[in-house]
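Undergrad: Provided herewith is a single structure, encoded as structure tokens, for subsequent inquiry.
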Amino acid sequence: QVQLVESGGGLVQPGGSLRLSCAASGFTFSNYAMNWYRQAPGKERELVAFIASALGNTVYADSVKGRFTISRDNAKNTVYLQMNSLKPEDTAVYYCNARWRSSQYWGQGTQVTVSS
């Protein structure tokens, strides 16, 4: 049974930090590129960060470059998103995504709210 379970979301003040985790099971994690997406109310889901399966190359949305860092631990089947200098516009549900060839899996999402 494939599972992607996100954790680490919550309420944080502007300028604060959060670290999201996504624990994977039920598939060969190291084969899969991992992504973090987010969806704010009334907006489309957007790609926030990508990390490749092999060399660990990363790509970020322009809106989060220099503030967010994606990483993975293949031994723990976990991908992380370190979010620093958070802004109110970062408020969204954050989703973990795994993708390899024609296979794709999604987590259930974790809410991140940036507000004073």
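The values are calculated or read from the model by the stated rules, or taken from the named source; none is laboratory data. What you are looking at is a predicted structure, and each value in this text was computed from that prediction instead of being measured. Glycine also receives a Cβ, built like all others from the backbone with ideal geometry; neighbour counts cover every protein chain displayed. Side chains included, ligands, DNA and RNA excluded: accessible areas come from the protein's heavy atoms. Shrake-Rupley method; radii C 1.70, N 1.55, O 1.52, S 1.80 Å.
Undergrad: Before anything else, pin down the relative contact order of region 1-110: Cα pairs under 8 Å, at least 6 apart, normalised by residue count, whole percent. Please report the intermediate quantities before stating the final value.
TA: Values: 243 pairs, mean separation 38.0, N = 110.
Averaging sequence separation for qualifying contacts and normalising by length gives 35 percent for region 1-110.
Undergrad: Return the lysines within reach of Lys65: Cα separation strictly under 18 angstrom, same-chain partners fewer than 8 residues apart disregarded; answer none if there are no such residues.
TA: Lys87
Undergrad: I would also like to ask the following. When ligands, DNA and RNA are left out and all protein chains stay put, how many square angstrom of accessible area per residue does the chain have with a 1.4 Å probe?
TA: Working: 6120 Å² over 116 residues.
Heavy-atom accessible area per residue stands at 53 Å².
Undergrad: If the reach is capped at under 18 angstrom between alpha carbons, list the aspartates and glutamates near Lys43, excluding any in the same chain fewer than eight residues apart.
TA: Asp62, Glu89, Asp90
Undergrad: At 7 Å along the Cα-to-beta-carbon direction for both Ser102 and Glu44, put a label point, then send me their distance in nm to one decimal.
TA: 2.5 nm
Undergrad: Here is a follow-up. With charges only on Cβ, +1 for K and R and -1 for D and E, what is the dipole size of region 22-116 about its Cα centre, in debye, rounded to 20?
TA: On the way: 10 positive and 6 negative charges, 29 e Å.
Once rounded to the nearest 20, the dipole reads 140 debye.
Undergrad: Return the ratio Rg/(2.2 N^0.38 Å) for the chain, where Rg is computed over Cα atoms only.
TA: Details: Rg = 13.4 Å, N = 116, 2.2 N^0.38 = 13.4 Å.
Expressed relative to 2.2 N^0.38 Å, the Cα Rg reads 1.00.
Undergrad: Considering only the chain, what is the antiparallel percent among its DSSP beta bridges, to the nearest 5? List each step's numbers first, then the result.
TA: Details: 39 of 42 bridges.
Here the share of antiparallel DSSP bridges comes out near 95 percent.
Undergrad: Please report, as a whole percent, how much of the solvent-accessible surface of the chain comes from carbon and sulfur atoms (probe radius 1.4 Å). Working shown, then result.
TA: Values: 2850 of 6120 Å².
Answer for the chain is 47 percent, counting heavy atoms of protein chains only.
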